[in-house]
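Participant: For reference, the structure I am asking about is given below.
The values are calculated or read from the model by the stated rules, or taken from the named source; none is laboratory data. Since the structure is predicted, the reported quantities are computational estimates derived from the model, not experimental observations. All Cβ positions, glycine included, derive from the backbone under ideal geometry; neighbour counts span all protein chains shown.
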Amino acid sequence: MVTKDILSAPTTHGAVGPRDSRGYRVFTRVNLTLLVLISLMMLYPFVTIVAQSLSDPAAIRAGMVSFWPVGFNTDTYSAVAQNSMFWTNYRNTVVYTVVGTTIAMILTTTFAYVIAKPHLRGRGLLVGIAVFTMFFNGGLIPNYVLISSLGMTNTMWAIVLPGAINVFNLLIMKSFFENQPQELEEAAAIDGLGWFGIFGRIVLPLSKAVIATMILFYSVFFWNDWFAAFLYLDRQELFPVTLYIRNLIAGASSATSEGAALSGMSTELLSANIREVTIILTIIPILCVYPFVQRYFVSGIMLGSVKG
């Protein structure tokens, strides 16, 4: 603390501290400029998609749309809004995300809490099994055979169960639980609480930051996942909305022609921005939720990753 005050305070000879030096000011400005440029580069694709979703299809095909909508129209939004299959798949995505995140959080928190106890017999084996799966897996065909033999094809469980435990998230929560004061659990045990009571009434309330971070990770994963549905689901009414968008991009869906019929537009014109419209409608929930969880993000990661 004394060293910090000495370094930051100006000397009696008129010298300046490190934060007032010319080199520090130049570094700050260069750093700020680079961050602004990187942020603009990341925002550019999103802004372009928004502009195209609100532009006239003819202007899109002519390459006239960049940052601002050209020939403002919402006909494609109306066409997609009237497409019942889109909303069915949208509802499926919400269900898969909620159920999958709930199962994943229950399994991850309980597993992490157990392997965080140094006195647990076989703890090293359990951790080793979990870490092993980060580097090795059965492969695509064995996984498909496993899901099929369990009778989970064309069911929600083929989507939510295979990704129920992410080992990276598990290790973060394990490290977080290891850093919690053991005296709190010992005091709760003296007061008569069992392991479930300690976990539910002491440990979890103290873990809000890391739990919120893990919920964000799992929710984004399940919301964006389409490959599992592509492998294990054959019925279109069970698809998540991300697979719906994938089929639009791949040209394997009839949604474009259906939307054209509903809006009275030609298929060629409507298909120019129907992908952008469905993408915008799909990412809106994540954009709405993320700001409320973001404040836990850095603290949750750091608390679960730093020892001492």
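Participant: Would you call Ile165 buried (at least 17 other Cβ atoms within 10 Å of the Cβ), in a helix (DSSP H, G or I) and among the hydrophobic types (A, V, I, L, M, F, W, C)?
Facilitator: Working: buried (at least 17 other Cβ atoms within 10 Å of the Cβ): yes; in a helix (DSSP H, G or I): no; among the hydrophobic types (A, V, I, L, M, F, W, C): yes.
Taking the combined requirement at face value, the residue does not satisfy it.
Participant: Does Thr76 meet the test of being touching a Phe, Trp or Tyr at 6+ places or on another chain (Cβ under 6 Å) and surrounded by 13 or more Cβ atoms within 10 Å (Cβ to Cβ)?
Facilitator: no
Participant: Of the residues Thr88, Thr108, Thr101, which is surrounded by 12 or more Cβ atoms within 10 Å (Cβ to Cβ) and more than 25 Å from Phe199 (Cα to Cα)?
Facilitator: Answer to the check: Thr88.
Participant: Kindly provide the set of residues from the range 38-73 that are β-branched (Val, Ile, Thr) and either surrounded by fewer than 19 Cβ atoms within 10 Å (Cβ to Cβ) or touching a Lys or Arg at 6+ places or on another chain (Cβ under 8 Å) (or both), ordered by number.
Facilitator: Ile38, Val47, Thr48, Ile49, Val50, Val70
Participant: Determine whether the range 69-88 contains at least one residue that is within 24 Å of the chain's Cα centre (by Cα), in the same structural domain as Leu238 (by TED's automatic domain parsing) and without any contact (Cβ under 8 Å) to a residue 60 or more places away in the chain.
Facilitator: yes
Participant: How many of the residues making up the range 178-209 are touching a residue at least 12 places away in the same chain (Cβ under 8 Å) and surrounded by fewer than 13 Cβ atoms within 10 Å (Cβ to Cβ)?
Facilitator: 2
Participant: Looking at the range 111-134 only, could you name the residues that are touching a residue at least 40 places away in the same chain (Cβ under 8 Å) and within 14 Å of Phe199 (Cβ to Cβ)?
Facilitator: Phe111, Ala112, Tyr113, Ile115, Ala116
Participant: List, please: which pairs have Cβ atoms under 8 Å, are six or more places apart or on different chains, and start with a residue in the range 38-65 that is part of a loop (DSSP other than H, G, I, E, B) and end with one that is of a type in the set (Val, Ile, Thr)?
Facilitator: Once the first residue is part of a loop (DSSP other than H, G, I, E, B) and sits in the range 38-65, its partners that are of a type in the set (Val, Ile, Thr) give Leu54/Thr74; Ser55/Val65; Ser55/Val70; Asp56/Val70; Met64/Val70; Val65/Thr48.
Participant: While we're looking at this one, here's another question. Go over the candidates Ile147, Ile172, Ile190 one by one and state the one that is over 25 Å from the mean Cα position of the chain (by Cα), of a type in the set (A, V, I, L, M) and in the same structural domain as Phe239 (by TED's automatic domain parsing).
Facilitator: Selected residue: Ile190, the only one of Ile147, Ile172, Ile190 that is over 25 Å from the mean Cα position of the chain (by Cα), of a type in the set (A, V, I, L, M) and in the same structural domain as Phe239 (by TED's automatic domain parsing).
Participant: Taking only pairs six or more apart or across chains, which ones have beta-carbon atoms under 9 Å, a first residue in the range 136-154 that is within 20 Å of Asn166 (Cβ to Cβ), and a second residue that is surrounded by fewer than 12 Cβ atoms within 10 Å (Cβ to Cβ) and modelled with pLDDT under 90?
Facilitator: As it stands, the answer is Asn143/Asn137; Leu146/Gly138, since those pairs meet every condition given.
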